1. Which of the residues that make up region 1-39 are open to solvent by 80 Å² or more (accessible area, probe 1.4 Å) and within 12 Å of Asp96 (Cα to Cα)?
2. Test of understanding: among Ser69, Ser42, which residue is in a loop (DSSP other than H, G, I, E, B), open to solvent by less than 80 Å² (accessible area, probe 1.4 Å), touching a strand residue (DSSP E or B) at 6+ places or on another chain (Cβ under 9 Å) and without any contact (Cβ under 8 Å) to a residue 60 or more places away in the chain?
3. Hey, could you check region 89-121 for residues that are out of contact with any Lys or Arg (no Cβ under 9 Å at 6 or more places or on another chain), open to solvent by less than 60 Å² (accessible area, probe 1.4 Å) and among the aliphatic types (A, V, I, L, M) and say which is nearest to Ile76 (Cα to Cα)?
4. For the subset of region 13-39 comprising residues that are of a type in the set (A, V, I, L, M) and not in a loop (DSSP other than H, G, I, E, B), which member is farthest from the chain's Cα centre (by Cα)?
5. Please enumerate the residues belonging to region 81-119 that are assigned to a loop (DSSP other than H, G, I, E, B) and touching a residue at least 24 places away in the same chain (Cβ under 8 Å).
6. So which residues in region 45-65 are in contact (Cβ under 8 Å) with a residue 24 or more places away in the chain and within 20 Å of Arg19 (Cα to Cα)?
7. Identify, please: which residue in region 45-66 is assigned to a loop (DSSP other than H, G, I, E, B) and not β-branched (Val, Ile, Thr) and is, among those, surrounded by the most Cβ atoms within 10 Å (Cβ to Cβ)?
8. Only residues that are part of a loop (DSSP other than H, G, I, E, B) and open to solvent by 50 Å² or more (accessible area, probe 1.4 Å): list them for region 122-133, please.
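The values are calculated or read from the model by the stated rules, or taken from the named source; none is laboratory data. In this text the structure is predicted, and so the values were computed from the model without any measurement. Cβ: placed from backbone, ideal geometry, glycine included. Neighbour counts: every protein chain shown. Side chains are part of the model used for accessible areas, which takes the heavy atoms of the whole protein and leaves out ligands, DNA and RNA. Shrake-Rupley method; radii C 1.70, N 1.55, O 1.52, S 1.80 Å.
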Amino acid sequence: QAQLVESGGGSVQTGGSLRLACVASAYSYSRAYYMGWFRQASGHDRLEREGVAVIDTRPGRDITFYADSVKGRFTISLDDANKTIYLQMNDLKPGDTAMYFCAGITFLPPLSTELMARKYNIWGQGTQVTVSS
């Protein structure tokens, strides 16, 4: 069964840090090419979800993609043994406030579309991140 479960959201002040975790079912993990984090701000449609960070989960690869807005502040990582991806978020800003979703894609997306939410076909339920000024 395709399943992704997120945790680690919360409320922090500007400049604070949070680490999100996403545990994948064996079914999801074995079929994913990429997994990543996407966010949806309040009042925005799911089609407007922003790609934050994505990692290639295939064995032996070490490829990551980041949105320009989070480069240098966020880091995505993979624990292959536990089928878990993490998003370490540092120097958080109010503009980072959103529901964060873990997602996976079970086919290889075209180049330059790795951060496009509509390409992803496995989704978690989301975890809320709130950053106050």
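1. Restricting attention to region 1-39, the residues satisfying the condition of being open to solvent by 80 Å² or more (accessible area, probe 1.4 Å) are 1, 3, 11, 13, 19, 27, 30-31.
Listed by number, the residues that qualify are Ser11, Gln13.
2. Numbers: Ser42 fails: open to solvent by less than 80 Å² (accessible area, probe 1.4 Å).
None of the others qualify; the one that does is Ser69.
3. Per the stated criteria, the residue is Leu115.
4. As a first pass, look at region 13-39 and keep what is of a type in the set (A, V, I, L, M): 18, 20-21, 23-24, 26, 32, 35.
Cutting the leftovers down to not in a loop (DSSP other than H, G, I, E, B) gives us 18, 20-21, 23-24, 26, 35.
Working: Leu18: 13, Leu20: 8, Ala21: 9, Val23: 11, Ala24: 12, Ala26: 18, Met35: 7 Å.
Only one residue fits best here, namely Ala26.
5. Start the filter on region 81-119 by keeping residues that are assigned to a loop (DSSP other than H, G, I, E, B), which leaves 83, 90-93, 97, 106-115.
Across region 81-119, the qualifying residues are Lys83, Asn90, Asp91, Leu92, Lys93, Thr97, Thr106, Phe107, Leu108, Pro109, Glu114, Leu115.
6. Matches in region 45-65: Arg49, Glu50, Gly51, Val52, Ala53, Val54, Ile55, Thr57, Phe65.
7. Restricting attention to region 45-66, the residues satisfying the condition of being assigned to a loop (DSSP other than H, G, I, E, B) are 45, 49, 57-63.
After this cut, where a residue has to be not β-branched (Val, Ile, Thr) as well, the list is 45, 49, 58-62.
Working: Asp45: 7, Arg49: 23, Arg58: 11, Pro59: 6, Gly60: 5, Arg61: 12, Asp62: 7.
Here the answer is Arg49.
8. The initial filter retains those residues of region 122-133 that are part of a loop (DSSP other than H, G, I, E, B), namely 124-126, 133.
Answer for region 122-133, where residues must be part of a loop (DSSP other than H, G, I, E, B) and open to solvent by 50 Å² or more (accessible area, probe 1.4 Å): Gln125, Ser133.
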